[in-house]
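Engineer: Here you go, one structure.
What follows is calculated from the coordinates using simple rules that are stated; it is not laboratory data. On a predicted model such as this, the values are computed, not experimentally measured, just so you know. Ideal geometry is used to build each Cβ from the backbone, glycine not excepted, and the neighbour counts take in all protein chains shown.
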Amino acid sequence: MSTVLEVNGIQKTYGAIEALRGISLQVEEGEMFGLLGPNGAGKTTLLSILACLLDPTSGSARLFGRPLDRRDHTLRPLIGLATQDLALYEELTARENLAFFGKLYGQRGKELQTRVDEILEFTALRDRADDRVGTFSGGMKRRLNLGVAVVHRPRLLFLDEPTTGVDPQSRHHLFEEIRSLNASGTTVVYTSHYMEEVQSLCPRIAIVDHGRVIASDQRENLLRLLPGSLTVRVNGPTATLAERLGKLEGVKVVSSEGDALRLSSTDVKATTLRLIAILRELDIELLDLESSEPNLEQVFLHLTNAAVRDT
């Protein structure tokens with residue numbers, strides 16, 4: 001894969017306030033890249049810079065190998081941005097909104113008409129194409145907001161909280177649209193406060209806090225930053241079993257009581273397989289097994305210290 005976006009030491013200050021303190025990251029072509037951070041971490045500032053809406057105080061970025069500069073208008077058609085605040089004209093219809101934004105990117109005539117029809121189909125809004133957006137539900141507006149962001153076929157799409165305030169059905173539909181865009185070759189940078197969304201959608205994730213990247217890795221590696229747990233009940237000598245399990249790499253016997261053992265493990269799946277093998281070897285009957293793996297929200301709270309952020 002080639003690098004679509006390369007960010008090197010970007011800083012942004014507003015007087016004495018440091019919004020970004022040297023952000024560096026890379027996004028590869030075709031990726032669905034997750035960007036997480038608590039309120040005030042600098043995510044929106046970073047997206048504004050990368051979408052050519054704001055200049056950094058220092059540092060640089062490259063888009064498709066070219067210097068990212070908001071005065072370079074030839075870069076704009078390569079980028080799509082769906083903002084957390086809806087970028088729609090409520091007095092216009094869905095069709096008129098799409099046509100308006102398409103014209104801003106130079107689309108005209110039959111090309112524009114065809115693309116508007118494609119987006120209406122893609123967002124499941126064909127039946128409401130000629131209704132005013134002000135009459136739409138929150139979920140319909142979110143779908144149209146995504147459609148407006150991709151009407152010009154961008155190669156890189158920034159999504160800033162794309163499912164805010166929508167019902168589960170609309171959220172599911174948005175996921176399908178985003179996955180479809182990514183499968184067709186669009187590189188996606190996805191930010192959300194809903195950790196389960198990022199965990200489900202994004203194979204690689206960066207976590208930003210206080211204007212810095214504090215972690216960036218494959219999802220599986222981030223999840224391994226915290227141990228999982230297993231609770232085992234057996235019919236047999238737990239002391240012998242505990243001794244064997246305690247020798248496994250990444251495994252710790254947390255407690256042993258009666259016929260039950262509680263373990264922590266840095267790799268729950270691998271430990272479960274080894275556990276079953278040891279039980280067979282020792283001819284010990286397994287009565288019950290419960291396992292729990294860390295999720296992205298737990299890792300996020302661990303890395304950012306779980307304190308409430310108001311700004």
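Engineer: With the cut-off at 28 Å, tell me which of the pairs LYS12/LYS103; LYS110/LYS141; LYS12/LYS141 have Cα atoms farther apart than that.
Structural biologist: On the way: LYS12/LYS103 32 Å; LYS110/LYS141 25 Å; LYS12/LYS141 32 Å.
Pairs exceeding 28 Å: LYS12/LYS103; LYS12/LYS141.
Engineer: Can you give me the Cα centroid spacing of the range 247-285 and the range 57-116 in angstrom?
Structural biologist: Computed from Cα coordinates, the inter-centre distance equals 54 Å.
Engineer: Sticking with this structure for a sec: For THR44, what is the net charge nearby, where nearby means another residue's Cβ is under 13 Å from its Cβ and Lys, Arg count +1, Asp, Glu -1? Numbers along the way, then the final one.
Structural biologist: Numbers: positive: LYS12, LYS43; negative: ASP85, ASP160, GLU161.
Neighbour charge sum, excluding THR44 itself: -1.
Engineer: For a quick check: sort TYR14, TYR105, TYR190 by the number of other beta carbons within 10 angstrom, fewest at the front. Don't jump to the answer; show the numbers that get you there.
Structural biologist: On the way: TYR14 9, TYR105 15, TYR190 24.
Lowest count first: TYR14, TYR105, TYR190.
Engineer: Pick from ILE79, ILE178, ILE284: which is most flexible by mean-square fluctuation in a GNM of the chain where alpha carbon atoms under 10 Å apart are linked?
Structural biologist: ILE284
Engineer: Let me ask something additional. Give me VAL150, VAL166 sorted ascending by neighbouring Cβ count inside 10 Å, so fewest comes first.
Structural biologist: Listing VAL150, VAL166 from fewest to most nearby Cβ atoms yields VAL166, VAL150.
Engineer: Give me THR231, THR135 ranked fewest to most by other Cβ atoms within 10 Å of their Cβ, as a rough exposure proxy. Don't jump to the answer; show the numbers that get you there.
Structural biologist: Numbers: THR231 15, THR135 10.
Fewest-to-most ranking of THR231, THR135: THR135, THR231.
Engineer: Sticking with this one: Mind checking which of ASN235, THR163, LEU181 is farthest towards the positive end of the range 107-236's charge dipole, using Cβ charges of +1 (Lys, Arg) and -1 (Asp, Glu) about the Cα centre?
Structural biologist: Checked the options; the winner is LEU181.
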